[in-house]
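Worksheet: one structure, shown below.
The values are calculated or read from the model by the stated rules, or taken from the named source; none is laboratory data. Note that the structure is predicted; figures quoted are calculated from it, not measured. Every residue, glycine as well, gets a Cβ built from its backbone with ideal geometry; the counts of neighbours run over all protein chains shown. For accessibility, only protein heavy atoms count, side chains too; no ligands or nucleic acids. Shrake-Rupley method; radii C 1.70, N 1.55, O 1.52, S 1.80 Å.
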Amino acid sequence: MVGEAAPVVVGTLSNRELRLHCLPSRYGAVAAIFLLAADCPNHPTGAGDHDRKGNQMKIVGIDVYDYPVRYAHGEYVMSGGRAAVYQVGTLVRVRTDEGLDGWGEITPLGSTYLPTSPDAVRAGIAELAPRLVGADPTNISAINRLMDEVLLGQGYAKSALDIASWDIFGKSVGRPVAALLGGVLQDDFPLYEAVPLAAPAAMAEFITERRKTGINRFQLKVGNRPAEDIARTRACAEAGDDDTVVIADSNGGWNLLDAQIAIGGMEGLPIYVEQPCRTTRDSILAHRNSRLPLVLDESITNSNELFEAKYEAGAASVNIKISRVGGLTKAARMRDLMQELNLMVSMEDMWGGDVISAAVSHLAASTRPENLLNVSFFNDWTDGHVAGYQPRSQNGRGSAPSAPGLGITVDHSALTPPIFTTG
């Protein structure tokens, strides 16, 4: 009967003790409620944390690992002569006084794709790590504020540490990261793959072969000579069916004139155009008068720029790379704003393996299905299988692990010794 008290089990989480509370029975006979704020005095993320420092979880050490991440299909080629068979990845392990570890990853796509490099990332982490020792990793906002106090900008260096903090937070409360980002809204979601820049026939053949595995969304690497890019895009569009999603992605490789010629020549094809020029302003000029849907990526780095993407560029979607925006915290914030702005969301990172794929999966699983355009599982593209090739895609679709935190277990035996340790 409404109004009757029913037992509710409440987890204090920081020490796993249980208390008994009462709520009206309309909330259910028994409900497991995890109190994550100040009304749960024993939980380390509560508002009264700073008055109870002795009860907080603390970071006691940070280990940084080097690992090469090789492309699974030979050579990965983009516009402007950018090509590689592997990238230099960085894994971060954050250790705590309660025995919980968190993992994060950042793998730059070389040093000329975005304004970062493996050495720059590691130099930033080396500055951040000493200041994070002693901090509470489950207080995500405080971790990010602390990192911002140490370094202005340099979100690439902060990203892996932010992801590792979310991993620890989820493990500390026994919940997957997707649940902490708002809840799972889709059990699985469509994945895409990038098609390396090559001759039109070779790119079309790549699509034909990958469609056999269930993948039906493709991001074509273009951005060189317009006539060749038009031929590439037409061949790839013809290799799909009515349900195939094809995005011609210049990665900012066209100058303004070439972009205008290329987009004009692609008019009428069932495709999207992504990041035609390096800047948003030039992309706006290149795309002017086109009826092809526009996707922006590299030039959108924060929430403020989303308004420019929608209201000035007329973009239909923005591709969020977790490290480009400074970590999972800021990526989720931008994702939520994009949903409110009625934009489509694509999510990934620059490159990587199991750890970054897991982080992407939780962001994707907690996104509204009607706003989700594309998701990448880089561990399908690479050999970065440090967690047993998990999460694993199936028939062109991905899902987020259901275990606590990122939901994966990194195999220490697959790693070389840390390149440096703090704490």
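I'd like the projected area of the stretch 275-348, averaged over all directions, using the convex hull of its alpha carbons. Report it in nm² with one decimal.
Mean shadow area of the hull around the Cα atoms is 4.3 nm².
If one takes the longest principal axis of the Cα atoms in the chain, at what angle in degrees, from 0 to 90 and to the nearest 10, does the Cα axis of helix 200-211 lie?
40
Once every Cα of the stretch 156-279 carries one equal point scatterer and solvent is ignored, give the base-10 log of I(q)/I(0) from the Debye formula at q = 0.18 Å⁻¹, two decimals.
The Debye formula, applied to the Cα set alone, gives -0.88.
What whole-number value in Å² describes the accessible area per residue of the chain for a 1.4 Å probe?
40
Using only C-alpha positions, report the orientation-averaged shadow area of the convex hull of the stretch 69-211, nm², one decimal.
Computing the convex hull of the Cα atoms and averaging its projections yields 10.9 nm².
Relative contact order (percent) for the chain, with alpha-carbon contacts under 8 angstrom and 6 or more residues of separation?
17
Looking at 361, 215, 313, which one has the Cα that reaches farthest to the positive end of the dipole of the chain (charges on Cβ: Lys, Arg +1; Asp, Glu -1)?
361
Give the Rg/Rh ratio for the stretch 48-121, taking Rg as the radius of gyration of the Cα atoms and Rh as the Kirkwood radius, to two decimals.
Reported Rg/Rh (Cα atoms, Kirkwood Rh): 1.20.
With everything on Cα atoms, drop me the angle between helix 354-365 and the longest principal axis of the chain, reported from 0 to 90° to the nearest 10.
Roughly 90 degrees, rounded to the nearest 10.
Looking at 159, 117, 191, which one has the Cα that reaches farthest to the positive end of the dipole of the stretch 105-227 (charges on Cβ: Lys, Arg +1; Asp, Glu -1)?
In the stretch 105-227, that residue is 191.
How long is the chain along each principal axis, judged by its Cα atoms, biggest number first, in Å?
The Cα atoms of the chain stretch 69, 56, 39 Å along their principal axes.
Placing unit charges on C-beta atoms (Lys and Arg positive, Asp and Glu negative, everything else neutral), compute the dipole magnitude of the chain about its Cα centre in debye, rounded to 20.
360
Give, in whole angstrom and from largest to smallest, the semi-axes √(5λ) of the equivalent ellipsoid of the stretch 237-370, with λ running over the eigenvalues of the Cα gyration tensor.
25, 17, 14
Can you list the lysines whose alpha carbon sits under 18 Å from that of residue 221, skipping same-chain ones fewer than 8 residues off?
Straight-line reach from residue 221, under 18 Å: 321.
Run the numbers on the stretch 48-178 and let me know its relative contact order in percent, using alpha-carbon pairs under 8 Å that are six or more apart.
Result for the stretch 48-178 is 26 percent.
Hey, what number do you get for the chain at 222 nm if only DSSP H runs of n ≥ 4 count, each worth -39500 (n - 2.57), divided across all residues, to the nearest 500?
It comes out at -9500 deg cm²/dmol, rounded to the nearest 500.
Taking amide H positions as placed in the peptide plane 1.01 Å from N, state which residues far from residue 323 in sequence (5 or more) or on other chains have amide H under 5 Å from it.
When sequence neighbours closer than 5 places are left aside, the close amide H contacts are 350.
Just the number, please: Stokes-Einstein D of the stretch 352-423 in µm²/s, Kirkwood Rh from C-alpha pairs, 4 °C, 1.567 mPa s.
Rounded, D is 98 µm²/s.
So if I place +1 on the C-beta of Lys and Arg and -1 on the C-beta of Asp and Glu, and nothing else carries charge, what would the dipole magnitude of the stretch 69-129 be about its Cα centre? I want it in debye, nearest 20.
The calculation lands at about 260 debye.
Placing +1 at every Lys and Arg Cβ and -1 at every Asp and Glu Cβ, with all other atoms neutral, what dipole size does the stretch 185-298 have around its Cα centre, in debye to the nearest 20?
Rounded to the nearest 20 debye, it is 340 debye.
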